[in-house]
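Notes follow the structure.
The values are calculated or read from the model by the stated rules, or taken from the named source; none is laboratory data. All of these numbers come straight from a predicted model, not from anything done at the bench. A quick note on method: Cβ atoms are made from the backbone with ideal geometry, for glycine too, and the neighbour counts reach across all protein chains shown. For the accessible areas, the whole protein counts, side chains as well, though only heavy atoms, and no ligand, DNA or RNA atoms are used. Shrake-Rupley method; radii C 1.70, N 1.55, O 1.52, S 1.80 Å.
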Amino acid sequence: MNKLKVMAVCLGLVALSNADQLTGSGAYINANAGFGTMQYLPTGSFAATLNAGYAFNRSFGLEGGYAWLPSSQYGASQYNNIFDVAAKGTLPLSRVFALYGRLGAGLNYQSFSGTTNPGTPSSYCQNSTMSNFVGLAGVGGSFAISNHFDLRVEDTIYVPFGGGNQSAGATNLVLGGVQYNF
């Protein structure tokens, strides 16, 4: 518990020391695309995310987002739709490059439908939907190309806890994208 208090005080001091370094309104939106995999399923697929947030200063922000992972597993079509909220901590290493981390939680709504094929698990041979809560952790880098545009790379993992679709396991997305800072 004492370690958490010390960490909170340190994060607060970092946030205060960078409070005057934010240019613009602090609001931002980003779009990312890349590749996603699910822990217990054999293939990966295209993945995309859209996030909107507010940076209170250069070091701390809050954001809400949507992640989409359509895939085909065992001859079944599967769609993961993840709605999340996260706290974002940023470590500016220069005026143009920063590292960041995101921690948060969300709701994963998963739907699938398929046909009976050899090797297909029986649960994939029916039309069904499931939902559960997920925790998220992400790390990335941001490269500012102007006051309003950043290029980004990010690796995010969504870990299920409770609910129906834990059978897919953790979902990992490796993404690249662009961010617009208002």
Take region 34-49 and flag every residue that is surrounded by 15 or more Cβ atoms within 10 Å (Cβ to Cβ) and in a strand (DSSP E or B). GLY34, GLY36, THR37, MET38, SER45, ALA47, ALA48, THR49
May I ask you to list the residues in region 65-84 that are open to solvent by less than 40 Å² (accessible area, probe 1.4 Å) and within 21 Å of PHE133 (Cα to Cα)? GLY65, ALA67, LEU69, PRO70, SER71, GLN78, ASN80, ASN81, ILE82, ASP84
When restricted to ALA98, ALA87, ALA105, the only residue surrounded by fewer than 20 Cβ atoms within 10 Å (Cβ to Cβ), at pLDDT 95 or above and touching a Pro at 6+ places or on another chain (Cβ under 7 Å) is ALA98
